Amino acid sequence: MKYLKEIRILNVDFSGRRALNEEIQEFSNCLGMFGKRDKEKSCFRIFVHLLKDRDCLSSEQLAKRSNLSRATVIHHVSRLMDSGLVTKREKGYFLRFDSLEDLTREIEKDVCSTFRKLREMSKRIDEGMGDRD
């Protein structure tokens, strides 16, 4: 199952312990999970509440817990759903994975699958270019 349609992986220094929220932010930044336009980190705040609570939360509950408007929550949850990180059940939203480690494994599978396809395509292209002589 593909979780992220587009992913940006940054190689950063993970040495040294940080506060939990800082580590979650760093994890998210390394995977390019949240846009730079989100100056107030609204999407990140919603993600953290879903991650910490592990329950199915309504847009109203998320708005109250993250101190955001319901419209802002719905906007960001829709974006998280489009990326495959969040899904809707009954009258609430929840993360599609049990842990960040599970998410990382799924992303790794997706990346490996994409690179296998790229290798196959590059081989076909290289063979096609060889026929041009």
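Measure up K64/K109; K52/K91; K64/K91 against 24 Å on the Cα-Cα distance and list the ones that go over. The answer is K64/K109.
Summed over all non-identical Cα pairs, the Kirkwood treatment of the chain gives a radius of 16.7 Å. Of the GluC sites (Glu not before Pro) found in the stretch 1-93, those that fall in a DSSP loop while having at most 14 other beta-carbon atoms within 10 Å are E6, E40, E90. The charge dipole of the chain, taken about the Cα centre with unit charges on the Cβ atoms of Lys, Arg (+1) and Asp, Glu (-1), comes to about 500 debye, rounded to the nearest 20. Between R70 and C30, the modelled label-to-label distance comes to 3.8 nm, taking each label 7 Å out from Cα in the direction of the beta carbon. Put a dot 7 Å past the Cα of L51, heading toward its Cβ, do the same for I125, and the two dots end up 3.5 nm apart.
Sorting K39, K91, K64 by the number of Cβ atoms found within 10 Å of their own Cβ, with the fewest placed first, yields K39, K91, K64. The label-point distance for K109 and E22, in a model that sets each label 7 Å from Cα toward Cβ, rounds to 3.4 nm. Only Cα pairs under 8 Å and 6+ residues apart enter the sum, and on that basis the relative contact order of the chain stands at 25 percent. Under 18 Å from a label point set 7 Å out along the Cα-to-Cβ vector of K117, the amide N atoms of the stretch 68-111 belong to 82-85, 106-111.
Quick note: the coordinates plus some simple rules give every number you see, no bench work behind them. Keep in mind that this is a model prediction, so the values were computed, not measured. Using ideal geometry, Cβ is built from the backbone for each residue, glycine included, and neighbour counts are taken over all protein chains shown.
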